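Every number in this text was worked out from the coordinates using simple rules, so none of it is lab data. Just so it is clear, the structure is predicted and the values come from calculations on it, not from any experiment. Here the Cβ is made from the backbone with ideal geometry for all residues, glycine too, and neighbour counts use every protein chain on show.
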Amino acid sequence: MEKPFPDNLYTVNSCAKCNQSFSIDEEYFLNILVEISLNPVLLIKKESGNVYRARQRSSKLRERITNSFVDGKDGRRYIQPEYERINKVIEKNALGLYMKKYNFRMPLREFKCTGIFPYNIDEMRPADVFMLTYRGNFLPKKWTVIQPDVFAFIVVRDWRRGNKLTMIFIIHNTVWCTINVPYPHYRKRKGNSNWDQLTLFDSVE
């Protein structure tokens with residue numbers, strides 16, 4: 001999320017240890033996003049914001065980002081990120097949104113990121129994924145917008161998977177992410193715990 005934070009910013013309960021364990025991967029994910037985005041908000045982060053400061057602070061981070069670039073056979077440069085790290089961030093946030101939407105907790109292993117599709121430089125969203133966000137009459141389904149031009153999500157019945165649930169993210173008008181999520185089983189309601197608050201998609205300062 002970007003400051004000023006929106007009034008509808010989601011938070012869910014999480015232990016501090018779990019929350020902090022994702023911070024390095026979130027920083028890495030943000031660094032990858034700025035390399036494939038045309039969003040001016042992200043580009044500023046690369047030039048003088050928290051991405052710039054993170055790279056100045058960590059030579060290992062700079063090296064990992066540099067090593068992510070590969071030369072394609074067509075003469076263009078491509079980025080091959082560490083998908084395992086990015087998937088962890090996506091799945092963690094899918095779990096948080098799921099808990100907020102359905103009001104109970106499911107194990108993180110039930111959430112599986114199945115695709116990350118850039119679309120503002122080269123359109124890579126598969127047609128079938130795109131069509132999941134439209135009704136039979138070709139009218140768009142309603143997204144939940146947490147912050148305009150920063151983050152929105154939708155949960156749809158996925159005809160490709162026998163009408164199981166798929167969650168889709170839009171992040172910084174740069175990528176769509178698809179996540180397999182479980183049907184809510186209301187017998188497994190979320191318990192009350194005196195945990196810290198987890199902010200979804202924390203900005204890395």
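Numbers at a glance
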quantity: J(HN,Hα) series, the stretch 113-120, from Karplus relation 6.51 cos²θ - 1.76 cosθ + 1.60, nearest Hz, glycine and proline x; calculated: 6, 10, x, 10, 10, x, 8, 9
quantity: Long-range HN-HN contacts of Thr114 with modeled amide H, under 5 Å; calculated: Thr178, Ile179, Asn180
quantity: Fewest-first sequence of Glu91, Glu110, Glu63 by Cβ atoms within 10 Å of each Cβ; calculated: Glu63, Glu110, Glu91
quantity: Loop-located trypsin sites (Lys or Arg not before Pro) in the stretch 134-180, at most 11 other Cβ atoms within 10 Å (DSSP); calculated: Arg135, Lys142
quantity: Proxy reagent accessibility, fewest Cβ within 10 Å first, across Asp128, Asp149; calculated: Asp128, Asp149
quantity: Amide H contacts of Arg105 (H built 1.01 Å from N, under 5 Å, at least 5 apart or other chain); calculated: Lys190, Gly191
quantity: Amide H partners (placed H, <5 Å) of Ser68, local residues excluded; calculated: none
quantity: Within the stretch 57-179: Cβ-based charge dipole about Cα centre, in debye rounded to nearest 20 (Lys, Arg +1; Asp, Glu -1); calculated: 480 debye
quantity: The stretch 58-190: relative contact order in percent, alpha carbon pairs under 8 Å with at least 6 residues between; calculated: 23 percent
quantity: Cβ-defined net charge surrounding Ile154, 9 Å radius [Lys, Arg +1; Asp, Glu -1]; calculated: +2
quantity: Distance from the stretch 137-155 to the stretch 38-71 (C-alpha centre basis), Å; calculated: 28 Å
